[in-house]
Amino acid sequence: VQLQASGGGLVQPGGSLRLSCAASRSIVSINVMGWFRQALGKQRELVATITSGGSTNYADSVKGRFTISRDNAKNTMYLQMNNVKPEDTDVYYCHALSGRSVYWGQGTLVTVSS
């Protein structure tokens, strides 16, 4: 499956942004989808995941501010980012785990700055 991330951009602190990850085929059978982020020179870190059953998991740093969701009818996963902070500035990658196969989308840059 190919994943296409979009929605990144420049946002002011306290603002909101919604990232999308469109899959090239049905995501119904994809066990886990998620968002990771990575700053230059740092390791990629987990932001949030969502299972095929709708269970979610979040990094402590984004709990209460970010919401992950998936729309199986549109083959798309989302990350709603609210009350963003400068430390949320990163390249965000979407990820899918289906059986033993792992898929990554290209990154989308989120910059939080006034």
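Laid out as a table, the results:
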| item | result |
| --- | --- |
| Residues of the chain: accessible area per residue with a 1.4 Å probe, Å² | 52 Å² |
| Amide H contacts under 5 Å for Arg70, placed H, 5+ residues apart | Tyr78 |
| Among Leu40, Ser55, Leu10 - extreme Cα towards positive end, dipole of the chain, charges at beta-carbon | Ser55 |
| Rel. contact order, % - alpha carbon contacts under 8 angstrom, at least six apart, region 11-67 | 23 percent |
| Estimated dipole of the chain in Debye, rounded to 20 [Cβ of Lys and Arg +1, of Asp and Glu -1, Cα centre] | 200 debye |
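The values are calculated or read from the model by the stated rules, or taken from the named source; none is laboratory data. Quantities reported herein were computed from a predicted structural model and do not represent experimental measurements. In this analysis, Cβ positions are derived from the backbone assuming ideal geometry, glycine residues included, and neighbour counts consider all displayed protein chains. The protein model used for the area step is the full one, side chains on, heavy atoms only, and it has no ligands, DNA or RNA in it. Shrake-Rupley method; radii C 1.70, N 1.55, O 1.52, S 1.80 Å.
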